[in-house]
Amino acid sequence: MKKLINAPADVVTESLLGVEAAHPELRVDHQHKVVVRGDAPRQGKVGLVSGGGSGHEPLHGGFVGVGMLDAACAGEVFTSPVPDQIVAATQAVDGGAGVLHIVKNYTGDVMNFEMAAELCEGTEVATVVTNDDVAVQDSLYTVGRRGVGVTVLVEKIAGAAAEEGRPLAEVAAVARRVNDNGRSMGMALTSCTVPAAGHPTFDLPDDEMELGIGIHGEPGRQRVPLAPAAQIAELLVDPILDDHDFRGNGGVLAFVNGMGGTPLIELYLMYNEVSHLLAKAGVPVARSLVGNYITSLDMAGCSVTILKLDDELLRLWDAPVSTPALRWGV
Amino acid sequence: MKKLINAPADVVTESLLGVEAAHPELRVDHQHKVVVRGDAPRQGKVGLVSGGGSGHEPLHGGFVGVGMLDAACAGEVFTSPVPDQIVAATQAVDGGAGVLHIVKNYTGDVMNFEMAAELCEGTEVATVVTNDDVAVQDSLYTVGRRGVGVTVLVEKIAGAAAEEGRPLAEVAAVARRVNDNGRSMGMALTSCTVPAAGHPTFDLPDDEMELGIGIHGEPGRQRVPLAPAAQIAELLVDPILDDHDFRGNGGVLAFVNGMGGTPLIELYLMYNEVSHLLAKAGVPVARSLVGNYITSLDMAGCSVTILKLDDELLRLWDAPVSTPALRWGV
Amino acid sequence: MIDAAALRRWLVAFAEEVADNRDLLTSLDAAIGDADHGINMDRGMTAVVAALPEPSADAQPGPLLKTAGMTLVSTVGGASGPLYGTLFLRMAQAVGDSTELAPDTWAKALRAGLEGVVARGRAEAGDKTMYDALAPACDALEDALADGAGLADALARASAAADAGRDATVPMLARKGRASYLGERSVGHQDPGATSVALLVAAAARTLGDGA
Amino acid sequence: MIDAAALRRWLVAFAEEVADNRDLLTSLDAAIGDADHGINMDRGMTAVVAALPEPSADAQPGPLLKTAGMTLVSTVGGASGPLYGTLFLRMAQAVGDSTELAPDTWAKALRAGLEGVVARGRAEAGDKTMYDALAPACDALEDALADGAGLADALARASAAADAGRDATVPMLARKGRASYLGERSVGHQDPGATSVALLVAAAARTLGDGA
Ligand SMILES: Nc1ncnc2c1ncn2[C@@H]1O[C@H](COP(=O)(O)OP(=O)(O)O)[C@@H](O)[C@H]1O
Ligand SMILES: Nc1ncnc2c1ncn2[C@@H]1O[C@H](COP(=O)(O)OP(=O)(O)O)[C@@H](O)[C@H]1O
Ligand SMILES: [Mg+2]
Ligand SMILES: [Mg+2]
Ligand SMILES: [Mg+2]
Ligand SMILES: [Mg+2]
């Protein structure tokens, strides 16, 4: 394993020390591994709390700031945070208007946030669970789809709604609308290496790739032969377009996300392919996002997220945001 | 080779198509592989042109926009642009106040920009060559140090000076002051793979790392045993502090840069180590930057750049900037 | 009768089993999950052992199980944290403030733990989860005690049932937890949580049997 | 005498040599540079061949060499683009509008090319660059012609000198170009630019020799 780390067990703690040192506008509660907006709690504003396993940076800590999250809980690598952390985060950002928990749909995340919400007496908590991954077949008998790329967009857009001073129910409704109108699909060229494990999670021959992966180094739905970018784009975009009707006047937000080990030159090349496919499908692109935003440690690969916009979602997306990883308008 | 690409020969062209599609506020001259600010040329403003081999993204194309570059020329991967490209970029941004060429000190880059400047009749061209890499011993008989991390800071700070409407000589002087007060040092955990080559540039055993690398997959000055982050930070920071006196009232800008394949969680962990070392050396940090800004394709590793600030440099650093990769205050 | 000291031995033995099988549990999770089950359980059980009060005459089973459950909830995270945590918290509730547990009290407590796991995770038989090892263990334990078996014998049968349940997860198609995302690809792999449950029951058989 | 058709054959032969040795040149550059010299030169010479006018009776050496130089400058980039480009542009200047070149005109043109390389890159003998193959080739060519050797023989000696110069770069410590960043680590590797220059001179020996 080759990583810029000290002891594998200290990776999350030490990385949070770096976040604190680099971002004086944020507070870090090291005991609970929670990153908090420096000015939290904001009286009368709905607080936004998210969190999950570490290893997805900048998600979630990099999205704490004006116009986005109020706090983010960092679990161990790929392991959801524990209820104590979530309770601490919730209390730190409760400005009297309630707190929204944004939770990716993984059994562990859902259960830990659930237990935390039960423990947050005196704070009104609403929960939105993201589940945008079309790689997973949804069914009554399973836990359903994973929450992946759309989570970034939910955090941004719900964050803007909260910043406008809207009440908890409305902020939660906006968040759900984003989740309902967003779909994602990802692929991996290589496995990632969990620091505590010390070796790649899976072996992937040089001429194969994993299709339909999540963000925890899980193998995907299918192992298929390595393909050129144009074909990979089709394998990602087609199931997304099949799953939801994205046509409409508002256009879409097209998001090409890197898994952590894939450089920007490739992500822009992928974005070119994705934009062609959307054009061919008659889906106009109103906004775009290209970069490493929800990652899987050092995995090479990418995911595509498409979000159907309406006037309100577009306005909230464009609203000012100032976080370490997403910043504009302010 | 596992990359999100089509034909290796088309990587740069297709990635620029993606940049164009994702950033309607920029123009792309595909014939010359030049990314230009949408509103260029700005009458009366000094134009800033940079460029170099591709594979360092977001450098340089990702830094085109308000408050930073007016145009960036993309060469083939790791190969400096040719004079035609540089001439086209220079002409596209010449608003009558002259154009500053920001050139990293590599023989190829310097010679191609030199030939281009000779060809730019009718445009006043000034050139600033960055050479901040302390890994390279400077001497009268050699080509001197490489330009690496400080280039990002020169582009930002000189860009802000140009945006203020200052004349070419002043903008060039500011750029030189940044270069003179900045020092960098980098290391690699893995080699990168040039698309046209198809295999890693060098082999690096699992228990070794390269120290004193540049940004083109060149081997470093030394191959040393793999070390924990704390020790790597010392190996990078010590030679920087030995090379320049960074103490002073203005503090420094501390920049931990990823080489492309190293995720943010590790870069923040490195930043923590770097900030400790600076504190120990009595060097106060006024600003920081952590992320993948000047990369070497998919190489895992990082570099550290320290820039000594004064009131003016600090003000120009804080000034609004709006580019794909660096954005604040606007 | 099972007292607090015996329960403590059980948890310590389980912690040792988990530590010894850390890599196995993690690599099982690598195949169909996210390669952290061994790491998670080891972190949690190490914390549990550290949190357990030194053996003392007045120690009680309930508080001891509650400490274990709370510690797991607070240190493990992921799916196994709330699930194992709930298992022990519900056992603690079930034993109340008894100072010694008769075999059938212990069996009832384990059943309550299982019900807690179901309440939290909504797993059903055949979903390829820890349920598939824990439910057969509860059943076998109760059946054995009902048959008049001694505790040692009953626990041995429970452990054998947990092992069989664990093995039976191999051909299952996962419908809960991370493995469910793999669909058909989850078939042919042993569930990590069922594997750690088998260790838990085996540890009980080794440490609680002589309390009969 | 060397006419435009012969020069064209030379450039085509060089392009072939470069294509055949693309991987060698790139891997030499991987050791002490950035692994692109073969790729760069192949891209450039492919463009040069595409840009050369079809052989015709009225083709002139000067414009042909100028096209080659301009094309290299416009397509190669890196260090070798301006350097090889300048080499051919200076050769073009040196031959002016002659329609056929006597051996010593050609030798003078090559010398002018070498001076252009030096003017652009400021390399000196022993810096471990293409200079270290090109300068000995120029010297050997001039000496041979001064000795009264025929063109074929003189070019063969120039080619041998270029090869020897190329080999002599192995023990050198680089002081120019990317290899200089390696300091001591550059010792023990053959310079890629000197290697491509040896191919250039060898191609000349194969294609221009019969023009004597
Ligand atoms: N809904 C559920 N009910 C019961 N057990 C579950 C459920 N979901 C997951 N599990 C168990 O949890 C195990 C995985 O635990 P672990 O790897 O520690 O957590 P995570 O999946 O969050 O990484 C699975 O092997 C499975 O036995
Ligand atoms: N200043 C110089 N003068 C002469 N030749 C040089 C100089 N710098 C570099 N070279 C030659 O250029 C070669 C490298 O070319 P190439 O790899 O194509 O360019 P780059 O170094 O820009 O990647 C070196 O092997 C060396 O022979
Ligand atoms: Mg996990
Ligand atoms: Mg190069
Ligand atoms: Mg797991
Ligand atoms: Mg090179």
(request) For D:Ala79, state whether it is within 11 Å of chain B (Cβ to nearest Cβ), closer than 30 Å to B:Glu210 by Cβ and within 14 Å of the chain's Cα centre (by Cα). (result) yes
(message) When you scan segment D:157-173, do you find a residue that is away from ligand 5 (no atom under 16 Å from the Cβ) and within 14 Å of chain B (Cβ to nearest Cβ), even just one?
(response) yes
(request) Name the one entry in C:Asp104, C:Asp127 that is within 12 Å of chain A (Cβ to nearest Cβ), touching a residue at least 40 places away in the same chain (Cβ under 8 Å) and of a type in the set (Asp, Glu). (result) C:Asp127
(message) Any residue that is among the polar types (S, T, N, Q), part of a loop (DSSP other than H, G, I, E, B) and surrounded by 24 or more Cβ atoms within 10 Å (Cβ to Cβ) - is there at least one of those in segment B:62-81?
(response) yes
(message) Quick test for you: out of B:Val194, B:Val224, B:Val143, B:Val152, pick the one residue that is within 19 Å of B:Val237 (Cβ to Cβ) and within 13 Å of another protein chain (Cβ to nearest Cβ).
(response) B:Val224
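Using the structure shown, decide if B:Gly159 is touching a residue at least 24 places away in the same chain (Cβ under 8 Å), part of a helix (DSSP H, G or I), more than 10 Å from chain D (Cβ to nearest Cβ) and under 30 Å from B:Val11 (Cα atoms).
yes
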(request) Give segment B:287-330 a look and list any residue that's farther than 21 Å from B:Val66 by Cα, more than 10 Å from chain A (Cβ to nearest Cβ) and aliphatic (A, V, I, L, M), or say none. (result) B:Val304, B:Ile306, B:Leu307, B:Leu309
(message) For the structure I just gave you, tell me whether C:Gly116 is without any contact (Cβ under 8 Å) to a residue 60 or more places away in the chain and within 14 Å of ligand 1 (Cβ to nearest atom).
(response) yes
(request) Confirm whether D:Ala30 is closer than 19 Å to B:Cys192 by Cα and either more than 16 Å from the chain's Cα centre (by Cα) or away from ligand 1 (no atom under 16 Å from the Cβ) (or both). (result) yes
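crowded, with 24+ Cβ neighbours inside 10 Å, hydroxyl-bearing (Ser, Thr, Tyr) and modelled with pLDDT under 95, is that true of B:Thr201?
Numbers: crowded, with 24+ Cβ neighbours inside 10 Å: yes; hydroxyl-bearing (Ser, Thr, Tyr): yes; modelled with pLDDT under 95: yes.
It is true that B:Thr201 is crowded, with 24+ Cβ neighbours inside 10 Å, hydroxyl-bearing (Ser, Thr, Tyr) and modelled with pLDDT under 95.
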(message) Given the criteria surrounded by fewer than 24 Cβ atoms within 10 Å (Cβ to Cβ), touching a Gly at 6+ places or on another chain (Cβ under 9 Å), of a type in the set (A, V, I, L, M, F, W, C) and part of a helix (DSSP H, G or I), does A:Ala169 qualify?
(response) yes
(request) Within segment A:95-106, count every residue that is crowded, with 24+ Cβ neighbours inside 10 Å and more than 14 Å from ligand 3 (Cβ to nearest atom). (result) 5
(request) Could you give me the residue pairs with C-beta distances under 7 Å whose first residue belongs to segment D:175-194 and is within 7 Å of chain B (Cβ to nearest Cβ) and under 19 Å from D:Gly121 (Cβ atoms), whose second residue is assigned to a helix (DSSP H, G or I) and not polar (S, T, N, Q) wherever it lies, and which are 6+ apart or on separate chains? (result) D:Lys176/D:Gly121; D:Leu182/D:Ile32
(message) Give me the residue from segment D:3-46 that is more than 16 Å from ligand 4 (Cβ to nearest atom) and small (Gly, Ala, Ser) and, out of that set, nearest to the other protein chains (Cβ to nearest Cβ).
(response) D:Ala19
(request) Considering (1) at pLDDT 95 or above; (2) within 11 Å of chain B (Cβ to nearest Cβ), say which one A:Met1 fails and leave the rest. (result) (1)
(request) Being surrounded by 17 or more Cβ atoms within 10 Å (Cβ to Cβ) and at pLDDT below 95 is the filter here, so list the residues in segment A:216-249 that pass it. (result) A:His216, A:Gly217, A:Glu218, A:Pro219, A:Gly220, A:Arg221, A:Gln222
(request) State whether the residues of segment D:195-210 include one that is closer than 30 Å to B:Met185 by Cβ and within 16 Å of ligand 6 (Cβ to nearest atom). (result) no
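The values are calculated or read from the model by the stated rules, or taken from the named source; none is laboratory data. Predicted model only: the values in this text are computed from it and were never measured. Cβ sites come from the backbone with ideal geometry, for glycine too, and all protein chains shown count toward neighbours.
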